[in-house]
Amino acid sequence: MATSATNNQIKSTGSNETALIRLLRTWGTIIVIALVGIGFAIASPYFATVSNFNNILFAMIVSALVSIGLTYVIVAGSFDLSIGLTVTTTSIVTAFLIPVTGPFLAVVLALAVACCIGLVNGLLVTYGRLSGIVVTLGMSFVLGGLNQYVTNGYQIAVDYREEAFRWIGQGRIGPIAVPVIILLLVFLLGWIVQARTRAGHYMSAVGDNPMAAYYSGIPVYRWVIFSFILAALMCGVGGVILTSISSSAQPVGGQGYLLEAFAAVYLGATILGKGKPHVLGTLIGVLFLYMVSSGMNMVGVPFAARQLFNGLVLILAVGANAMLNREEIHLKFI
Amino acid sequence: MTWQNQSPVVELRAISKDFAGTPVLRGIDLAFHPGEIHGLLGENGAGKSTLIKILTGVYAQSGGSVVIEGREVRITTPKDAQRLGLGALYQDAELVPSFTIAENILLGHEPGGVTISRRAMVEEAGRILREMGLDLDPSRRAASLSAAEMQLVMLATLMHRRFRLIVLDEPTARLSAQETALLFEVIRNFQRQGVAIIYISHRLNEIKELCDRATILRGGMISATLEAADITEDEVTRLMVDRNRSELEVSNPGYAREGQGLRLEALATARLKPLDIEVRPGEVLGITGPIGAGMEEIERSLGGLTAHSGRIVIGGTECRISDPISARKAGIAIIPEDRRKQALFPNMSVSDNVSMPVLRSLARAGIVTNGAKRRYGEEVMNRLNVNPRQPLKAIRFFSGGNQQKAVIGKWLQADARVYVFSEPTAGVDVGAIAEIYEVILRVASEGAAVLVISSSLREILALSESIMVVYAGEQVCRLPRSAFNYDSLLATTMTGKLSATPEAVQ
């Protein structure tokens, strides 16, 4: 024992694993994604084109924003099932307020509403001592009810003359759509927050070992609440963009983003072998889901097969990663 | 630097503490000087841990005051203690597994403003590690460290926080001799920087080697404070043993009978050297030694929680025990120390808990009725005197002693041939201790082979028919109970060398 411990001090981590496994752990998911992309490019001449790439990016905007937001909550050790309906709610609030307050204030207020949703979620999960799953499930029902109540089940149209507002979702700077630029900016900012700032650092610590964080004098509750606010805020941005793109707010439909976001976050966690969710991985995860959707569309694969494919890739990627990072005793089933 | 010439950094003045009227500390006066390593010795229950918890803000004292650099302070939370420069390294300290060593060392004190400078962090952590004489890469993940390395990194986190006083509670429990030497080097480094250190250990040689002086607690009072040169085994034993404490009126009359009970042949794990023991049916073997000496490895091997080599033979047939399921099939009942985590379903009722291992025999055509479980639960509660007699109440509402009785009750009908009790009375109220002893002895009298693993010598002496002492992963001796009295057993566990009562070893 004594000798093995001292040897460990000299050797670097995991010295007994092969270079191949290390390579697979880091690059495995990306290799699979690249292979799938190459496959589509061979199968369809229209797949690997700039315009198709642009289309994919445009299609994934809202989903990507929601997924990036969810990443923070999961990193901080909780769950948020209300993200999909937060998108719908902010979308409705935006469309509802534009005629009242003008577009600028409407956007600001919609984002503020989003932050409030996150704040309530966070407070209930921490000081309220409730489970994140339960709280956010309840929140999503509450929001769904409110959305129906406010809209009466009809869409809310935005006046066609609101050009400044429409620019958010429909404008272009050069060849690139404005919402794509917004997504990339949010992504960059979100990445920096996670990888470089105190906030991101503490959210990871809290999610990984809350007890150690607590003993180190880190305000654990504050960072959990912060992660919920950040997630809701991202959904808010998505909701505003959604309203602008279609010049209207739909009373339902946001719930679809929830499942995509979970898939993207867990797929993203396997990217670069980090083993836990990170913003870059999440973005690549969303890109993969939408790339598959677009590619299969071009090749003419039925919708059912797409779902099947996405599900299998998710399970395989996460499963392979778990195999590469084996724990001694595994007794966690969430 | 000599600490004697300096004014004390932390003083305890007439500290007392009682729990619900039972005095645990009765007027402790102690002073700790900068650059002093102060050993703290005492039996289980002498008040060591209570004293430390008062100092680090986990408990509030009932009387007396804590004075830091001449100023009286109030310490009500662990955070207060940290702010005042009082740090502690507990036995169950933890790191953030996915963070690097550097990130763990500087957790909560990262350099930089809104953004964190990773480079500065690695540099700072590297500096601290070098200062401590540790050869560890600050960019390594904490999850990849051995238990010993984790312990050293925990120490590094204390280093960074610039404490005035650091409490180390059995820091060598998980370390090998070589790692212990490294740890001592680190502690002396703290000392050179003028930090006062309180060092708690059961191992006398460590105290002798490391400490400038040592205080011995007995029955909640200071028995004596010895200078390093005066620390001898005889002296410490004399000062430690509380002659006034009433002995428990329990002893094992000897239930061992002929036949095949439990036999371990060359059982070994990473932290336990090959061990041969035989426990006859009805025999109670008490196993004791310093915390971390390897006694718990025996429990973990028999419970299927640790990979081991060697043979485990029960009732004459060899059993392969690779996980808790095979351990249960082999007829081994483990009553673990950490009941809440390892043996109870806290939100389930007593009857649900105790009927868990016998559901099959309670079932009629595959269906277990609540009535059957309740009747079984009542029966177990009657036999073991679990109070209050409410079989449908969630077990978390019961006291520690009654919970422990219920855990034992789980195995009563489960046909176990080997019982392993680990610290059976830890966290058990005094009134229930005698009852638990009775149950353990009854289990033995009914013919099971019983292992009692305990760091309480009184417990070992009360329950055992034979006693084994483990020290540094090795068996020191295995002798009949009559070979020991309290003093000789204490001396043996503290030094790792047999010092049995002369008249008994013939």
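The values are calculated or read from the model by the stated rules, or taken from the named source; none is laboratory data. Quick caveat: nothing in here was measured; it's all calculated off a predicted structure. Positions of Cβ are generated from backbone atoms using ideal geometry, with glycine treated the same way; all protein chains shown enter the neighbour counts.
Out of B:Pro336, B:Pro290, B:Pro357, one residue alone is under 15 Å from B:Lys410 (Cβ atoms) and touching a Ser or Thr at 6+ places or on another chain (Cβ under 9 Å). It is B:Pro336.
Evaluating A:His330 against the criteria (1) farther than 22 Å from A:Leu85 by Cβ; (2) more than 14 Å from chain B (Cβ to nearest Cβ) leaves one unmet condition, (2). Inspection of segment B:321-344 finds a residue satisfying the criterion of being over 25 Å from B:Thr269 (Cβ atoms) and outside any helix (DSSP H, G or I).
Within segment B:40-51, identify whether any single residue is modelled with pLDDT of 90 or more and within 29 Å of B:Pro290 (Cβ to Cβ), and answer yes or no.
Here is the first cut: in segment B:40-51, the ones modelled with pLDDT of 90 or more are B:40.
Retained after the next criterion (residues that are within 29 Å of B:Pro290 (Cβ to Cβ)): B:40.
Checking segment B:40-51: at least one residue is modelled with pLDDT of 90 or more and within 29 Å of B:Pro290 (Cβ to Cβ).
Considering only residues of segment A:212-231 that are away from every other protein chain (no Cβ under 12 Å) and either in contact with a Cys (Cβ under 6 Å, 6 or more places away or on another chain) or over 18 Å from A:Leu130 (Cβ atoms) (or both), which is surrounded by the most Cβ atoms within 10 Å (Cβ to Cβ)? Spell out the reasoning first.
At the first step, the residues of segment A:212-231 found to be away from every other protein chain (no Cβ under 12 Å) are A:221-222, A:224-231.
Among the residues that remain, those that are also either in contact with a Cys (Cβ under 6 Å, 6 or more places away or on another chain) or over 18 Å from A:Leu130 (Cβ atoms) (or both) are: A:229-230.
Details: A:Ile229: 21, A:Leu230: 26.
Selected residue: A:Leu230.
When A:Val135, A:Val186 are screened for being without any contact (Cβ under 8 Å) to a residue 60 or more places away in the chain and closer than 24 Å to A:Ser227 by Cβ, only A:Val135 passes.
Kindly indicate which of B:Tyr376, B:Tyr419 is farther than 24 Å from A:Leu331 by Cβ and touching a Ser or Thr at 6+ places or on another chain (Cβ under 6 Å). Quick ask: steps written out before the conclusion?
Values: B:Tyr419 fails: touching a Ser or Thr at 6+ places or on another chain (Cβ under 6 Å).
Matching residue, one of B:Tyr376, B:Tyr419: B:Tyr376.
Yes/no matrix, rows are residues, columns are (1) assigned to a strand (DSSP E or B); (2) hydrophobic (A, V, I, L, M, F, W, C); (3) within 13 Å of chain A (Cβ to nearest Cβ):
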position	(1), (2), (3)
B:Gly87	yes, no, yes
B:Ser98	no, no, yes
B:Pro111	no, no, yes
B:Glu124	no, no, no
B:Leu134	no, yes, yes
B:Leu175	no, yes, yes
B:Leu182	no, yes, yes
B:Ile187	no, yes, no
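If only residues of segment B:187-241 that are surrounded by fewer than 22 Cβ atoms within 10 Å (Cβ to Cβ) and of a type in the set (Gly, Ala, Ser) are counted, the one that is farthest from B:Arg458 (Cα to Cα) is B:Gly194.
Of the candidates A:Asn152, A:Asn209, the single residue that is facing another protein chain (nearest Cβ under 9 Å) and polar (S, T, N, Q) is A:Asn209.
Of the residues B:Leu204, B:Leu302, B:Leu267, B:Leu217, which single one is assigned by TED's automatic domain parsing to the domain that holds B:Met468 and in contact (Cβ under 8 Å) with a residue 60 or more places away in the chain?
Working: B:Leu204 fails: assigned by TED's automatic domain parsing to the domain that holds B:Met468; B:Leu267 fails: in contact (Cβ under 8 Å) with a residue 60 or more places away in the chain; B:Leu217 fails: assigned by TED's automatic domain parsing to the domain that holds B:Met468.
Checking each option against the conditions leaves just B:Leu302.
Sub-8 Å Cβ pairs linking a first residue in segment B:377-392 that is within 16 Å of B:Pro346 (Cβ to Cβ) and assigned by TED's automatic domain parsing to the domain that holds B:Leu441 to a second residue that is of a type in the set (A, V, I, L, M, F, W, C) and buried (at least 16 other Cβ atoms within 10 Å of the Cβ), at least 6 apart or interchain, number zero.
Whether a residue is part of a helix (DSSP H, G or I), buried (at least 24 other Cβ atoms within 10 Å of the Cβ), in contact with a Leu (Cβ under 7 Å, 6 or more places away or on another chain) and not aliphatic (A, V, I, L, M) was assessed, and A:Thr86 passes this test.
Table: residues versus (1) crowded, with 22+ Cβ neighbours inside 10 Å; (2) out of contact with any strand residue (DSSP E or B) (no Cβ under 9 Å at 6 or more places or on another chain); (3) at positive phi; (4) within 14 Å of chain B (Cβ to nearest Cβ).
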| site | (1), (2), (3), (4) |
| --- | --- |
| A:Pro175 | no, yes, no, no |
| A:Leu188 | no, yes, no, yes |
| A:Arg198 | no, no, no, yes |
| A:Cys235 | yes, yes, no, no |
| A:Ser247 | no, no, yes, no |
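If you go through segment B:186-216 and keep only what is of a type outside the set (A, V, I, L, M, F, W, C) and within 21 Å of B:Leu134 (Cα to Cα), you end up with B:Arg188, B:Asn189, B:Gln191, B:Arg192, B:Gln193, B:Gly194, B:Tyr199, B:Glu206, B:Glu209. Among the residues of segment A:249-277, those identified as assigned to a helix (DSSP H, G or I), surrounded by fewer than 22 Cβ atoms within 10 Å (Cβ to Cβ) and over 13 Å from the mean Cα position of the chain (by Cα) are A:Gln255, A:Leu272, A:Gly273. Checked against the criterion of being modelled with pLDDT under 85, hydroxyl-bearing (Ser, Thr, Tyr) and farther than 30 Å from B:Ser455 by Cβ, the candidates B:Ser176, B:Ser144 yield just one match: B:Ser144. Evaluated against (1) more than 7 Å from every other protein chain (Cβ to nearest Cβ); (2) in contact with a Phe, Trp or Tyr (Cβ under 9 Å, 6 or more places away or on another chain), B:Asn104 falls short on exactly one condition, (2). B:Lys79 meets the conditions (1) surrounded by 17 or more Cβ atoms within 10 Å (Cβ to Cβ); (2) among the basic types (Lys, Arg); (3) within 11 Å of chain A (Cβ to nearest Cβ); (4) closer than 30 Å to B:Asp212 by Cβ in every case but one. The failed one is (1). Scanning segment B:138-155 for residues that are hydrophobic (A, V, I, L, M, F, W, C) and within 13 Å of another protein chain (Cβ to nearest Cβ) gives B:Ala142, B:Ala143, B:Leu145, B:Ala147, B:Ala148, B:Met150, B:Leu152, B:Val153, B:Met154.
Among the residues of segment B:82-91 satisfying the criterion of being hydrophobic (A, V, I, L, M, F, W, C) and buried (at least 18 other Cβ atoms within 10 Å of the Cβ), which is modelled with the lowest pLDDT?
Going residue by residue through segment B:82-91, those that are hydrophobic (A, V, I, L, M, F, W, C) are B:84, B:86, B:88-89.
Retained after the next criterion (residues that are buried (at least 18 other Cβ atoms within 10 Å of the Cβ)): B:84, B:86, B:88.
Values: B:Leu84: 88, B:Leu86: 88, B:Ala88: 83.
So, considering only residues that are hydrophobic (A, V, I, L, M, F, W, C) and buried (at least 18 other Cβ atoms within 10 Å of the Cβ), the one modelled with the lowest pLDDT is B:Ala88.
Whenever a residue of segment B:473-493 is within 14 Å of another protein chain (Cβ to nearest Cβ) and assigned to a helix (DSSP H, G or I), it has no partner that is surrounded by fewer than 19 Cβ atoms within 10 Å (Cβ to Cβ) and modelled with pLDDT under 90 lying with C-beta atoms less than 6 angstrom away and at least six residues away or across chains.
Please return the ranges of helices (runs of 4 or more DSSP H) entirely within segment A:126-217 where 1 or more residues are in contact with a Ser or Thr (Cβ under 8 Å, 6 or more places away or on another chain) and within 30 Å of A:Asn52 (Cβ to Cβ).
Answer list for segment A:126-217: A:163-170, A:178-196.
Considering only segment B:217-235, I want to know if a residue exists there that is within 14 Å of another protein chain (Cβ to nearest Cβ) and under 24 Å from the mean Cα position of the chain (by Cα).
Step one: filter segment B:217-235 for residues within 14 Å of another protein chain (Cβ to nearest Cβ), giving none.
For segment B:217-235, residues within 14 Å of another protein chain (Cβ to nearest Cβ) and under 24 Å from the mean Cα position of the chain (by Cα): absent.
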